[in-house]
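The values are calculated or read from the model by the stated rules, or taken from the named source; none is laboratory data. Given the structure is predicted, the values throughout are model-derived calculations rather than measurements. So basically every Cβ, Gly included, is an ideal-geometry build from the backbone, and we count neighbours across all protein chains shown. Note: areas computed on protein heavy atoms with side chains; ligands, DNA, RNA excluded. Shrake-Rupley method; radii C 1.70, N 1.55, O 1.52, S 1.80 Å.
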Amino acid sequence: MTISEILQYCMNKPGAEQSVHSDWKATQIKVADVLFAMVKDVEGRPAAALKTSPELADLLRQQHTDVRPSKHLNKAHWSTVYLDGSIPDSQIYYLVDASYKQAVALLPEMTRQQLSV
């Protein structure tokens, strides 16, 4: 999977907005100002930081060398997933969906209704 493919998938989510985090030189994808993905090259490889439950993050890191704690985010919840590694695209899409759902769950009820998610 490429960075442009994951960005396109993220931006197809209702309410998704893209910006650049200038300090980290990363593309942030948010829904109503809540981050659900951060995409950039890490160590010369395309990667995305995605939020999961701490339990899923631990499991993924145990099963895949291409999933690591995210450097600048809460390591219990955020994992950096290398897009060009051993993780199938379908699993990466699932993780994007899960991260998006967690972000939406943090939004006020009225905002969630406006997204019609």
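List of remarks:
- Note on the range 72-117: among residues that are touching a Phe, Trp or Tyr at 6+ places or on another chain (Cβ under 9 Å) and hydroxyl-bearing (Ser, Thr, Tyr), the one that is surrounded by the fewest Cβ atoms within 10 Å (Cβ to Cβ) is Tyr93.
- Given (1) farther than 20 Å from Gln28 by Cα; (2) among the polar types (S, T, N, Q); (3) at pLDDT below 95, index of the condition Ser53 fails: (1)
- Selection within the range 10-26: residues that are closer than 23 Å to Glu43 by Cα and outside any strand (DSSP E or B). The member of this set that is least open to solvent (accessible area, probe 1.4 Å) is Cys10.
- A single member of Lys30, Lys40 is in a strand (DSSP E or B), of a type outside the set (A, V, I, L, M) and in contact (Cβ under 8 Å) with a residue 60 or more places away in the chain, and it is Lys30.
- Leu115 falls short on exactly one of the conditions (1) modelled with pLDDT of 95 or more; (2) in contact with a Gly (Cβ under 8 Å, 6 or more places away or on another chain); (3) not aromatic (Phe, Trp, Tyr), and that condition is (1).
- Elements of type helices (runs of 4 or more DSSP H) in the range 50-117, at least 3 residues being in contact (Cβ under 8 Å) with a residue 24 or more places away in the chain and among the hydrophobic types (A, V, I, L, M, F, W, C): 89-105
- On inspection, Asp23 does not qualify as more than 26 Å from Gln114 (Cβ to Cβ), at pLDDT below 95 and touching a helix residue (DSSP H, G or I) at 6+ places or on another chain (Cβ under 8 Å).
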